[in-house]
Each structure stands twice: as C-alpha cells, then as structure tokens.
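Notes follow once the structure below has been shown.
The values are calculated or read from the model by the stated rules, or taken from the named source; none is laboratory data. In this text, all values refer to a predicted model and were calculated from it rather than measured experimentally. Because the Cβ atoms are built from the backbone with ideal geometry, glycine has one as well, and the counts that use them run over all protein chains shown. SASA here: full protein model, heavy atoms, side chains in, ligands and nucleic acids out. Shrake-Rupley method; radii C 1.70, N 1.55, O 1.52, S 1.80 Å.
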Amino acid sequence: MREAELKHSRVAMMACAGFWFTEFFGPLPGWPVAEGKSQVDVFWVVVDEHPKELASAILFLGIVEAITGVAITKGREAGTRAPGDWGFNPLKFKVTEEMSLKEIQNGRIAMWAAAGLIAQGTVTHEPSYANLHF
C-alpha cells in the first residue's frame, strides 16, 4: 500500500507542477496554447490534434508500469528495498523518517490539489490562476 501511495503522490506532485508550468509559460512548441481556457479543455484539443503522440505516451507508460510492477514484486519478496526506494538519489539527500513523512504528507496534499485543478477546469473552463481572485 505504501508503494502505491508514494507512486501516486509523486505523480500528483509532478502533475500539479506541470499544470501550472504550462499555464504560466505555455506548452511545448507545436502543441495547442490554452488562450484563456483551462488545461482540461486543452487536453481534449490534444486528443483531437495529436492522437498518435497520446497513444505513444500511454503505451510507454504502460511498459514502464509493467517493468516497475515486476521490480516492486521482486523487491518485496526479497525484502531488499523500502517502498518507493529506487536507489535514485543524485543529490545525496539524507533519507530520514522525518523526510519520508514529509514526502507522503505533501504527496497527499498534491493528490487533492491535482483533483481540484482538474475539477475546477472542468466546471469553470478557465485557467486555474483565474479563480485565485487576487
């Protein structure tokens, strides 16, 4: 369970960052621009304009999920790794129980934030920053 929660937390944190980055700085070249619409509306434009790229991304992510699923199962059976530990720590951060707890707590907030961004975009059809009312 902890492995799945960490994976979903990390994906949600990246989703929120990507959502806001695209709204503030624009999309990659060749991809549709939001022009005052929500990212949810732009997603449906992408489905219409770039179906092959979207299918390729889904296929690639499916392959990654299959490979990581095997690795997770093998690691769990052998008891050689902690949930979410892929041995990728290029900045050599010290992994403590406190930092692990902060990661999971921030990830839980990010999951709610991602759901909120998607729901807000679906209902209002405006960019997320348009509803901040500063």
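Let me see the pair-distance distribution of segment 45-134: every alpha carbon pair, 5 Å bin width, integer percents in order.
The calculated distribution, bin by bin, is 2, 10, 10, 12, 18, 17, 13, 11, 5, 2, 0.
Could you report segment 53-106's accessible area per residue, 1.4 Å probe, as an integer in Å²?
Numbers: 4480 Å² over 54 residues.
So segment 53-106 comes to 83 Å² accessible per residue, rounded to a whole number.
In 10 Å bins starting at 0, how do the alpha-carbon pair distances of segment 1-93 split up by percent?
Reading the bins upward from 0: 13, 33, 30, 19, 5, 0.
If I model a spin label at Ala57 and Ala71 as a point 7 Å from the Cα along the Cα→Cβ vector, what separation in nanometres do I get?
2.2 nm
Would you list, by chain and number, the lysines whose Cα falls below 18 Å from the Cα of Lys92, excluding same-chain residues fewer than 8 positions away?
Lys102
Give the peptides 13-26, 69-82 in descending order of average Cβ contacts within 10 Å, highest first.
Numbers: 13-26: 14.3, 69-82: 11.2.
The most tightly packed comes first, giving 13-26, 69-82.
Give the separation of the Cα centroids, segment 75-124 to segment 1-54, in Å.
Spelled out, the Cα-based centre of one part sits 18 Å from the other.
Accessible area of the chain with a 1.4 Å probe: how many percent of it is carbon plus sulfur?
Working: 6890 of 9950 Å².
Ligands and nucleic acids excluded, carbon and sulfur give 69 percent.
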